[in-house]
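Participant: One structure is given below, represented as structure tokens, and several questions about it will come after.
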């Protein structure tokens, strides 16, 4: 087992645990940045260079900036540790442990370590681009639409209040849940 | 002679995914929960890349590409939702948003 | 068979009359009565025309038989050839091979019934014009009366059992409407309902008889049925069952034990109604049915025994109740029940023509009695209690005279009509053992009881006559003789009651009926002395009646004080209404309420609502898992997914 | 020739079904009624009602055309239309009409204009009410006319939605409870039916290699084991039995009737209840002859319980509408009994009685509606002595009461007589019990009549009561006429029903024979099969030797049926 992998996985797991355990969201976010960069390294180690670059640009560059920005904007407070939170942690930890212990052996069994002669495929820009713009052109375009739609949706959601009086804030539209059926007979 | 360690990468991705899920369950803060989602997506990405290599074609890597697109879209919408939530309820904690409960 | 147009017209007039009367009544209430009477009269005239046609048809044949009869030859129904007029209107319905035609058939039996119905019907219509003169809703009354006539004619003209049943139920409906005519009084309306429901019990049995006939004979037409019965292989048990079902139907309509309870209550209706429906015509439908179905009853001696048992019992029970009633109409009502018992005795002995004969004479004198009582009630301003009457003979001579004649007629005194028919009944009963072995055993006992009933009959009618017309007036009204429209029918009916005996010989009534039903021997006429001797029960009853209620009024009082329990029982009509109430009506009512409140609302709806409640409660419980916390949902989802994966790998 | 060409290709049945829906859609485009409602006089009907009336009357005319062109002697489906709908599932749009359904179709189209005329009493949101009624008519006609199981199911479920709203929105005080009960009850049944439907179709697909929902193809061709037949029949029977309703699944009916607006009650009693029995006739019996012969006696038993039970419970009611509703339970019991007896006499009577019940009970509900519109109470004790105050009303009430208690010369008698006469041949003991319903029917209806119409009149309470007005008279007059026409001269109606029913009964007995023969060849003596085919064999003679020689064939078939029963048991 290459040393790179060992180091990377230790880093990744540590930072992931950090994300979920730090009580201050900012700290979590910083750990996530580390984790994302680690994933980029993993991509590089797997010779998917293009993805490694995209990973850094999209995640670390774009998404994380957005997250941190929102965190700052909303001034999220440090979470308090509660008993129910601990119980939940333990419970979900047990369930997660189950998952790993069940699926893990299966994975090892499924893809045993083999030696192979042919060179591994190259995740180079050309190769990827060729596949992406030929075989996957429609999904690609669809993804484009998706992103656009997401942008529009985000804009709509984040629109400031006081615009349209016909669309009151959710909390104001109190509804007692009964259907007003017919007139009194 | 190359050795293929993809099983370990998939195992790593499983562990990361599980951590992400646990985080999503444990954390109240919607933004952190959101970050945990990113963790899970990334874990899946690792598995994709590793197995793509193992299988010997680029389909897995393409999938990663699309996952990233989805993640980006999700980030945009998700954070917008968090902002809307904050604007309406003055909180970013998902546990406070329970008006639709019966 | 021959088709006849006039026949089809007979029931048409009352039907049109019923509609017309109501229409005319909107503008002129007085005219309505005359329209109805006219319709009834037209119907009578057409009956006469049809009767003439039938006589022409029967014609030569009938004289042959008469000649043979004069020689005392032994002949019965089998020698006769059945002749009838027919009016097939249309096919009512036909399913496969089973079809029912809307068919009228006019034979000698029907002719007699039709003449009685339309004849007496017309007289009573005429009477009603006077009787109902002050009633606001008399158009409705006359409309119902015409409708009744229509139904009754359907009943007697029906060529098959189903058309008969139409009339059968129709008269029940009209009876319901007319009993409850003064519907403001809920008790009167209740009496109407009681009549209808009790009749319906009989009708249900009637229906079952029809089902059995359909199943085993496939037809309801009288002629076809008669032919089918002549050489049937059906078991006697089946035949007895059918016959008894018909008889139960007849007990309903003709007020025999156990279904007689409605008739006394039916006196709630206007008196002409009591005369027409509850004395002369409708209640005799059961007797008519028995005579009509003679070919069935002849095959079932056991059923006939039951018929006679019931009839004798009814005759004596009703007569004994009538002894102590003070309401003049109640006396006559129980008298009717008792007299119907007499008719059924005759029918049960196989002497159907005697039953029909008594039916006719009874129609005369009982209609007269009822109309007379109506006249009295009318005069006394709707007072029905005989203790509030007395001495009315002086004020209303016509009414008193006709009532007196009818009293003697029903008492069975020679030479009035009642004697002949009643004598024949006793005669038939005492000879019944010859043809029916079952009856032979009880012959003597039955004869004794029926004679006792005859004495009682004479006694209670005389009592009513004495209390009403003799002595001095005890009431507070100012009685007066009734108008001429009421007196004319009284006189006509009294004359018929007086001279009805001519049917026994001078008019060959027995032979006439012999064209349709078996009549047995033609009896040679008896000497006047023998006849007077044979009417001894009538003399005894009348004598005691006159004695007790004019000269020795202390005797009945003494009897009442010595036998108070008996008086109470008879006054209380033997508590049969109460018994039915306690045993049948109230338990059923209780059961209905129990089924509704208990079964329907508690058990069935309980199950339904219980299921709903279970769903509701379990929803309430499961709902708690929906905390509204995103994280809890995620945890559950995660646990579920892991479980599924683990499950998959465990497999 | 021209005419034949015209009608040969013209989709008459489709027109019939979707004309009301067209009307419903048209209603949506009418101007709002808020303004018109206030200025409306007592005489005016208002534009929406006129439109609904127009479309329903048009539908009625189309159905009259259908009836006039219908050939009663032809016992197969007529005016068939077939279009493939969902080919991959084998679902087609198949319509057809036969002697069993045609008069029910006519009854439906006949009642709807009357309901619209009577819709004046709906005060608020009348347009929505009319819309639902028209949609309901489409669903009902579709159910009656569809010959594809899937299509049938779609229309069957479609009937539920408009009725849900009609009761739920325009109903009385407990309308929500009533409408939920109605819908849930029905849905429980129809879910089972759906499962059974698919089970049937798949097993037929396995057997024949093609997936089809076409009724004609499956009936007679599908081969099911006895056990399968029993289960599937039970599932269908529950669905249909709830709709009828057969005791003990009847408790939704009184609630639904009481809470529904007048028109809703009329259509519920007049048509919807018949759908249950129609389902038995069209689907459950032909498909599962074995199940039918097993469950038949039980159904008959439940029907008789329903007759007596419904009558008794009706007697105990204080609410006029509830009383009439329970009387429906009793009357539908007769219909079920007649059909289950499975001979021509009773089955024809059963179908005829369905029409009669629609007319007389529908009219009774209309009359109750007349009272309710004026006094806003349905309590029997609130009325009394009305005969003097409102004579015309009392007269009409009397006539329909008599029709309900099956007095001869009214329509009720013919049906009831045929049913009982026929079923007596099959179930003598049960019929004897059922006959007591004849008595009890008179008891509760006359008690109702007495308590409302006779007795003391409460001047201060009901002094302002007015008699039936001309509009209400117009709704009742056609029913009034039909009561007598169908009672005095039923031949034309029976003539349409009878040939088809005779064929149906014959087919059913043949199917039972073959099914039994197939599933259990040894159970049937070899003579039995011949016996079924030729009624003139000596065995028959000996069986019926008791009766005289002129016994018609209806009765011979009865003897056959008893034999069939003996063999099956």
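Computed from the coordinates by the stated procedures, all read-outs in this text should not be read as laboratory data. What you see is a predicted model, and the numbers here were worked out from it, not measured in a lab. For neighbour counting, all protein chains shown are included, and Cβ atoms are generated from backbone atoms with ideal geometry for every residue, glycine included.
Participant: Could you state the angle between the C-alpha long axis of helix D:47-68 and the longest principal axis of the C-alpha atoms of chain D, as a value from 0 to 90 degrees rounded to the nearest 10?
Facilitator: Helix D:47-68 and the main axis of chain D meet at about 30 degrees.
Participant: I'd like the distance between the alpha-carbon centres of segment C:361-412 and segment B:9-62, rounded to an integer number of Å.
Facilitator: Between the Cα centre of segment C:361-412 and that of segment B:9-62, the gap is 113 Å.
Participant: Still on this structure: Could you sort C:241-253, D:121-133 so that the peptide with the highest average Cβ count within 10 Å comes first and the rest follow in order?
Facilitator: Numbers: C:241-253: 25.2, D:121-133: 20.5.
Put in order of decreasing packing, that is C:241-253, D:121-133.
Participant: Sticking with this one: When only alpha-carbon atoms are used, what values of Rg and Dmax, in angstrom, describe segment C:584-650?
Facilitator: Rg then Dmax for segment C:584-650, in Å: 23.7, 72.
Participant: In units of 2.2 N^0.38 Å, what is the alpha-carbon radius of gyration of the protein assembly as shown?
Facilitator: Relative to the 2.2 N^0.38 Å estimate, the protein assembly as shown comes out at 1.24.
Participant: Per residue of D:412-420, count partner chain C-beta atoms within 10 Å of its C-beta, then hand back the mean as an integer.
Facilitator: 3
Participant: Additional query: Based solely on its DSSP helices, what 222 nm [θ] is calculated for chain C when runs of n ≥ 4 H residues each add -39,500 (n - 2.57) and the sum is averaged over all residues, nearest 500 deg cm²/dmol? Show your work: numbers first, answer last.
Facilitator: Values: 29 runs with 454 residues, N = 651.
-23000 deg cm²/dmol, from helical runs alone.
Participant: Quickly estimate the mean residue ellipticity at 222 nm for chain B, helices only: each DSSP H run with n ≥ 4 gives -39500 (n - 2.57), and the total goes over all residues, rounded to 500. Spell out each step's value before the answer.
Facilitator: Working: 3 runs with 78 residues, N = 102.
Result for chain B, helices only: -27000 deg cm²/dmol.
Participant: Tell me the angle of helix C:108-131 to the major Cα principal axis of chain C, expressed in degrees between 0 and 90 and rounded to the nearest ten.
Facilitator: That works out to roughly 90 degrees.
Participant: Please label the shape of segment C:293-439 as rounded, prolate or oblate, based on the square roots a ≥ b ≥ c of the eigenvalues of the alpha-carbon gyration tensor (a/c under 1.5 means rounded; beyond that, a/b larger than b/c means prolate, else oblate).
Facilitator: On the way: a/c = 3.06, a/b = 2.22, b/c = 1.38.
Judged from the Cα gyration tensor, segment C:293-439 comes out prolate (a/c at least 1.5, a/b above b/c).
Participant: Given the C-alpha atoms of segment A:53-151, compute the convex hull and give its volume per residue in Å³.
Facilitator: Numbers: hull volume 20.7 nm³, N = 99.
Each residue corresponds to 209 Å³ of Cα convex hull volume.
Participant: Now, a different point. Any idea what Rg and Dmax come out to for chain D if you just take the C-alpha atoms, in Å?
Facilitator: My reading of the Cα-based Rg and Dmax gives 23.7, 79 Å.
Participant: Give me the Å³ per residue figure for the convex hull around the C-alpha atoms of segment D:230-354.
Facilitator: Looking at segment D:230-354, the number lands at 87 Å³ per residue.
Participant: Output needed for segment D:321-417: three equivalent-ellipsoid semi-axes, defined as square roots of 5 times the C-alpha gyration tensor eigenvalues, in descending order, whole Å.
Facilitator: On the way: eigenvalues 172, 37, 16 Å².
Semi-axis lengths for segment D:321-417 are 29, 14, 9 Å.
Participant: Rounded, prolate or oblate, given the Cα gyration tensor of segment D:367-497, with a/c below 1.5 counting as rounded? Don't skip to the answer; put the middle values down first.
Facilitator: Numbers: a/c = 3.34, a/b = 1.70, b/c = 1.96.
Oblate.
Participant: Also: Expressed as a fraction of 2.2 N^0.38 Å, the rule-of-thumb size for a compact globular protein of N residues, what is the C-alpha radius of gyration of segment C:568-612? All intermediate terms of the calculation are to be shown ahead of the outcome.
Facilitator: Values: Rg = 17.7 Å, N = 45, 2.2 N^0.38 = 9.3 Å.
That works out to 1.90 for segment C:568-612.
Participant: Still on this structure, please answer the following. What shape does segment C:179-252 take by its C-alpha gyration tensor, where a ≥ b ≥ c are the square roots of the eigenvalues and a/c under 1.5 counts as rounded, a/b above b/c as prolate, and the rest as oblate?
Facilitator: Working: a/c = 4.40, a/b = 3.11, b/c = 1.41.
It is prolate, given that a/c is not under 1.5 and a/b is the larger ratio.
Participant: Oh, and also: Report the far tail of the P(r) of chain B, meaning the percent of Cα-Cα pairs longer than 20 Å. Walk me through the numbers on the way to the answer.
Facilitator: On the way: 2574 of 5151 pairs.
Here the long-distance tail beyond 20 Å is 50 percent of all Cα pairs in chain B.
Participant: Just want to confirm a number: the relative contact order over segment D:288-503, from Cα pairs under 8 angstrom separated by 6+ residues, in percent.
Facilitator: Numbers: 332 pairs, mean separation 61.3, N = 216.
Here the relative contact order equals 28 percent.
Participant: Residue by residue through D:119-131, how many Cβ atoms from other chains fall within 10 Å of the Cβ on average? Don't skip to the end; give the middle numbers.
Facilitator: On the way: counts 0, 0, 0, 1, 2, 4, 2, 0, 0, 1, 1, 0, 0.
Averaged over the peptide's residues, the number is 1.
Participant: Could you list, bin by bin from short to long, the percent of Cα-Cα pairs of segment C:1-159 in 5 Å steps?
Facilitator: 2, 10, 16, 16, 14, 12, 10, 8, 5, 3, 2, 1, 0
Participant: Moving on. What is the calculated FRET efficiency for residue C:533 to residue C:452, with r their C-beta to C-beta distance and R₀ = 22 Å, to the nearest 0.05?
Facilitator: Values: r = 18 Å, r/R0 = 0.82.
Working from the Cβ atoms, E equals 0.75.
Participant: Distances over 27 Å make up what percent of all Cα-Cα pairs in segment D:52-189? If you can, show how the numbers build up before the last one.
Facilitator: On the way: 2796 of 9453 pairs.
Roughly 30 percent, once rounded to a whole number.
Participant: Before anything else, pin down the relative contact order of segment C:160-573: Cα pairs under 8 Å, at least 6 apart, normalised by residue count, whole percent. Before the final figure, lay out the partial values.
Facilitator: Numbers: 700 pairs, mean separation 66.3, N = 414.
That works out to 16 percent.
Participant: What ranking of C:623, C:200 emerges when the number of other C-beta atoms within 10 Å of each C-beta is taken as an exposure proxy, fewest first?
Facilitator: With the fewest neighbours first, C:623, C:200 line up as C:623, C:200.
Participant: Round to the nearest 10 and give me the degree value, 0 to 90, for the angle of helix C:328-348's Cα axis relative to the longest principal axis of chain C.
Facilitator: 90 degrees
Participant: To check you understand DSSP bridge types, tell me what percent of the beta bridges within the protein assembly as shown (both residues inside) are antiparallel, rounded to 5.
Facilitator: On the way: 26 of 28 bridges.
If we restrict to bridges inside the protein assembly as shown, about 95 percent are antiparallel.
Participant: Based on alpha-carbon centroids, what's the gap between segment D:464-511 and segment C:296-341 in Å, whole number please?
Facilitator: The two parts, judged by their Cα centres, are 42 Å apart.
Participant: Quick one: Cα centre-to-centre distance for segment C:161-215 and segment D:276-326, in angstrom?
Facilitator: Using only Cα atoms to place each centre, the spacing works out to 26 Å.
Participant: Go ahead and estimate [θ] at 222 nm for chain D from helices alone: -39,500 (n - 2.57) per DSSP H run with n ≥ 4, summed, over the residue count, rounded to 500.
Facilitator: Working: 27 runs with 409 residues, N = 569.
Roughly -23500 deg cm²/dmol at 222 nm, from the helical runs in chain D.
Participant: Taking the Cβ of each residue in D:117, C:233 as the centre, tally the other Cβ atoms inside 10 Å and list the residues starting with the fewest. Display every interim value, and only then the final one.
Facilitator: Values: D:117 21, C:233 9.
Ranking D:117, C:233 by Cβ neighbours within 10 Å, fewest first, gives C:233, D:117.
Participant: Shifting gears a bit: Please rank D:368, D:65, fewest neighbouring Cβ atoms within 10 Å first, as an exposure proxy. List each step's numbers first, then the result.
Facilitator: Values: D:368 23, D:65 15.
Lowest count first: D:65, D:368.
Participant: Quote the relative contact order of chain D in percent (integer), defining contacts as alpha-carbon pairs under 8 Å separated by 6+ residues. It would help to have the intermediate numbers written out before the result.
Facilitator: Working: 889 pairs, mean separation 78.5, N = 569.
Averaging sequence separation for qualifying contacts and normalising by length gives 14 percent for chain D.
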